[in-house]
1. What are the pairs, 6+ residues apart or on separate chains, where a residue within the stretch 45-56 that is of a type in the set (D, E, K, R) has its Cβ under 7 Å from a residue that is in a helix (DSSP H, G or I)?
2. Could you give every pair whose Cβ atoms fall below 7 Å, whose first residue belongs to the stretch 147-160 and is surrounded by 12 or more Cβ atoms within 10 Å (Cβ to Cβ), and whose second residue is at pLDDT below 85, counting only separations of at least 6 or pairs across chains?
3. Among the residues of the stretch 5-16, is there at least one that is in contact (Cβ under 8 Å) with a residue 60 or more places away in the chain and surrounded by 13 or more Cβ atoms within 10 Å (Cβ to Cβ)?
4. Evaluate the stretch 84-92: report whether one residue or more is in contact with a Cys (Cβ under 9 Å, 6 or more places away or on another chain) and either surrounded by 15 or more Cβ atoms within 10 Å (Cβ to Cβ) or over 18 Å from Asp51 (Cα atoms) (or both).
5. Consider Arg70 carefully, then state whether it is surrounded by 18 or more Cβ atoms within 10 Å (Cβ to Cβ) and among the charged types (D, E, K, R).
6. If we scan the stretch 119-139, do we find a residue that is of a type in the set (Gly, Ala, Ser) and in contact with a Ser or Thr (Cβ under 9 Å, 6 or more places away or on another chain)?
7. All but one of (1) among the hydrophobic types (A, V, I, L, M, F, W, C); (2) more than 22 Å from Val143 (Cβ to Cβ); (3) loosely packed, with under 14 Cβ neighbours inside 10 Å hold for Leu120; which doesn't?
8. What is the number of the single condition among (1) acidic (Asp, Glu); (2) in a loop (DSSP other than H, G, I, E, B); (3) buried (at least 17 other Cβ atoms within 10 Å of the Cβ) that Glu42 does not meet?
Amino acid sequence: MTHIHNHSNCIQTALNNASQLCSQRGVQLTDIRKQVLELIWENHHAVKAYDLLERIKPLQAAAKPATIYRALDFLREQGFIHRVESLNAFIGCCDLKTAHEQLLLICKQCNDVEERHADLVMQALAQELRNAKFVAHSKSIEVHGLCENCSQTFNEEISA
């Protein structure tokens, strides 16, 4: 069963929220930052910096790696994107209202990345860190596997 998804709504919501938050915070969502954010939100796949550079060249001919990395740094600082460490790539953040830890579900088949709040998991992790007297600077959990659609397709192929 494939989900019908209006992804243009995801993109527009992300851009509107980012613009509004930048205005409230007194920071500037420059054209290049907005374009990078829009490219990240083109789908729910994690995207690498050099892929962003290649995709932004038609829009910004003078773009260099440093241009992309500065935009990514800004977007991360503002909480608009997350880094997927295991893939050395980036995804759009689904919850711009608060700083948060994330559980990232990474599909090895279709490359979609789903961000989950997983409050109970993060609370348990926080307790383990307290028990270990370990001070974490950031917390992110990445789980690789198959998403619902890909696992269903996989199970259908096995059954056939």
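The values are calculated or read from the model by the stated rules, or taken from the named source; none is laboratory data. As the structure is a computational prediction, the values presented were derived from the model and not from experiment. Heads up, the Cβs are rebuilt from the backbone with ideal geometry, glycines too, and the neighbour counts pull from every protein chain shown.
1. Taking only residues 6 or more apart or on different chains, the pairs are Arg55/Leu39.
2. Here the result reads Asn149/Thr2; Asn149/His3; Gln152/Met1, each pair linking the stretch 147-160 to a residue that is at pLDDT below 85.
3. Kept after step one, since they are in contact (Cβ under 8 Å) with a residue 60 or more places away in the chain, are these residues of the stretch 5-16: 10, 14.
With the extra rule that they be surrounded by 13 or more Cβ atoms within 10 Å (Cβ to Cβ), the set shrinks to 10, 14.
Yes; the residues of the stretch 5-16 include at least one that is in contact (Cβ under 8 Å) with a residue 60 or more places away in the chain and surrounded by 13 or more Cβ atoms within 10 Å (Cβ to Cβ).
4. Yes, some residue in the stretch 84-92 is in contact with a Cys (Cβ under 9 Å, 6 or more places away or on another chain) and either surrounded by 15 or more Cβ atoms within 10 Å (Cβ to Cβ) or over 18 Å from Asp51 (Cα atoms) (or both).
5. On the way: surrounded by 18 or more Cβ atoms within 10 Å (Cβ to Cβ): no; among the charged types (D, E, K, R): yes.
Taking the combined requirement at face value, the residue does not satisfy it.
6. No, the conditions are met nowhere in the stretch 119-139.
7. Single failed check for Leu120: (2).
8. In the conditions (1) acidic (Asp, Glu); (2) in a loop (DSSP other than H, G, I, E, B); (3) buried (at least 17 other Cβ atoms within 10 Å of the Cβ), Glu42 misses (3) alone.
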